[in-house]
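The values are calculated or read from the model by the stated rules, or taken from the named source; none is laboratory data. Nothing here was measured: the structure is a model prediction, and the numbers come from that model. Cβ placement follows ideal geometry from the backbone for every residue including glycine, while neighbour counts extend to all protein chains displayed.
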Amino acid sequence: MSASQITNLQKLQNIFLTQAGYCEELGSPFMVRLCKLFAEHLDADDPFAHRLLELPQGEGFWNIALPLRVAGALHALVLTKQCQELEKVYPPHHDDHSDSELWGACLHAMDTHADFVIPYLDQAPQTNEVRRCAALLPGFLTIAKLTGLPFIMSELGASAGLNLCWDSFGYKLDNQTWGDLNSGVVMEPEWLGAAAPEAIEITVINRAGCDLSPIDSDNPGERLKLLSYLWADQQDRVSRTDNAMAMVKEKNYSVETSDISDWLIQRLGMDTPTIGNLNFDRTGAVHVIYHSIVWGYQDEAARLANQRQIENAGMAATPESPLAWLRLEPDGSEPGAAITLTLWPDGRECCLGRADYHGRWIDWSGWEN
């Protein structure tokens, strides 16, 4: 290996170690173990390391999502029962086997099933973390309280559309309940900080979502993709996602294949307002644009352009047709991600609180913080 290849190998190892740290924060001991094994064992003589080193570093492949591509491929082999050697050492059996046994099974899987594993490396991880709705709901309740209006909803980066079903789920927030506690998808995050907003009724009159590569959960291959990126030792996430997929099928919600920038033009009515199911009078409703752990997957130019689109639409909002922008996104602070709301026509912006990336806890501040 050349000096530059050795440097890149060290970068690769650090990416896996960084992901191990995130997985520890998010409560996945098995993923911590798996990422550390990759960091420890990928070396100059490893053909799989060479394959990872060949991925284009400037196109979003060499980032924190790279270990998730690898883990997704291995988990998919387990879910489809294609690799018994790997299945024997994966959850729920992982505590019964040594690190050397786990790593040996990984090597076997990557070698024997290379035709299955390698395509996973070329596609971005697709997740649809349903529990993030627990962090979005108090934001929705805040918008409803402030405006007193029904919702038009536009989700950016909606993946399989599971979080379009947010108002069909059940919630236990602080000392309040909201939604359907018999839905099969019930969330009860640890509640910290100020009291939760009042659990008032919310009416949705229109909803839609977009994604660059929407997942069709009716398609077995697409369904496998979504489940494979969930961490193998977090069965509760798998069960919750399974139930939500059944729900989105029943509701018949669909996600449009579109870049965020193009779709925003349609949904905000800045081009042809009849596109995107908004060909009706919007007076008397608040248009809620929302997303969770999506913004960082765009490059800086796209983020700025999309923010300008939303802000320009906000400047045209009125008290009878307000615009709300609710997001759960990293902001460079810790812990977790910021729950941020901007509400027009006055354009006030407020950090409502913080939440775990997987919605396990919420530290609420509220609109009047």
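What the table below lists for this structure:
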{"quantity": "Criterion violated by residue 111 - all others in (1) at pLDDT below 95; (2) surrounded by 17 or more Cβ atoms within 10 Å (Cβ to Cβ) satisfied", "calculated": "(2)"}
{"quantity": "Filter pass, residue 201 being in a loop (DSSP other than H, G, I, E, B) and either closer than 16 Å to residue 359 by Cβ or acidic (Asp, Glu) (or both)", "calculated": "yes"}
{"quantity": "Some residue of the range 207-218 being part of a helix (DSSP H, G or I) and at pLDDT below 95", "calculated": "no"}
{"quantity": "Test result for residue 204, of a type in the set (Val, Ile, Thr), out of contact with any Lys or Arg (no Cβ under 6 Å at 6 or more places or on another chain) and modelled with pLDDT of 95 or more", "calculated": "yes"}
{"quantity": "The range 219-251, residues that are hydroxyl-bearing (Ser, Thr, Tyr) and part of a helix (DSSP H, G or I)", "calculated": "228, 239, 241"}
{"quantity": "Any helices (runs of 4 or more DSSP H) falling wholly within the range 67-156 and containing at least 1 residues that are among the polar types (S, T, N, Q)", "calculated": "84-89, 99-112, 133-147"}
{"quantity": "Criterion (under 16 Å from the mean Cα position of the chain (by Cα), touching a residue at least 24 places away in the same chain (Cβ under 8 Å), on the phi < 0 side of the Ramachandran plot and crowded, with 17+ Cβ neighbours inside 10 Å) met by exactly one of 217, 159, 213", "calculated": "217"}
